[in-house]
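> Structure in structure tokens, see below.
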Amino acid sequence: MSVQPWEPPIARLSGALEQIAGRLEGLDRRVDGLDRRLDGFEQRMEHRFAQIDARFAQIDTRFAHVDAKFTWLIGIVIGTWITTMLAILLHR
């Protein structure tokens, strides 16, 4: 049996495999580029979320101060009301 009848199909198959390899390399480069861009985007988002978390911490601190002042205000109002009621009731 002669080898020559197999040479053209093998040559076409070899060429097709080379084209596939070239396309896969191109896709690999594109995916690597996208991966690098996504890494940069992820870093920017992490930085932004850290800024947002810091801002929420500041807001929580302010609310804690307001809450403490409100508690004092309620205590003073109730104390004043009790004192006034006792003065009215016990006045002779």
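> Might you let me know whether the range 26-37 holds any residue that is hydrophobic (A, V, I, L, M, F, W, C) and open to solvent by 100 Å² or more (accessible area, probe 1.4 Å)?
no
> Out of 48, 92, I need the residue that is charged (D, E, K, R) and surrounded by fewer than 10 Cβ atoms within 10 Å (Cβ to Cβ). Which one?
Values: 48 fails: surrounded by fewer than 10 Cβ atoms within 10 Å (Cβ to Cβ).
Selected residue: 92, the only one of 48, 92 that is charged (D, E, K, R) and surrounded by fewer than 10 Cβ atoms within 10 Å (Cβ to Cβ).
> Same structure, new question: Mind telling me which of the residues 74, 59 ends up being over 31 Å from the mean Cα position of the chain (by Cα), open to solvent by less than 90 Å² (accessible area, probe 1.4 Å) and β-branched (Val, Ile, Thr)?
Working: 59 fails: over 31 Å from the mean Cα position of the chain (by Cα).
The match here is 74.
The values are calculated or read from the model by the stated rules, or taken from the named source; none is laboratory data. Because the structure is predicted, anything quoted here is derived from the model rather than measured. Because the Cβ atoms are built from the backbone with ideal geometry, glycine has one as well, and the counts that use them run over all protein chains shown. Heavy atoms of the whole protein, side chains included, go into the accessibility calculation; ligands, DNA and RNA do not. Shrake-Rupley method; radii C 1.70, N 1.55, O 1.52, S 1.80 Å.
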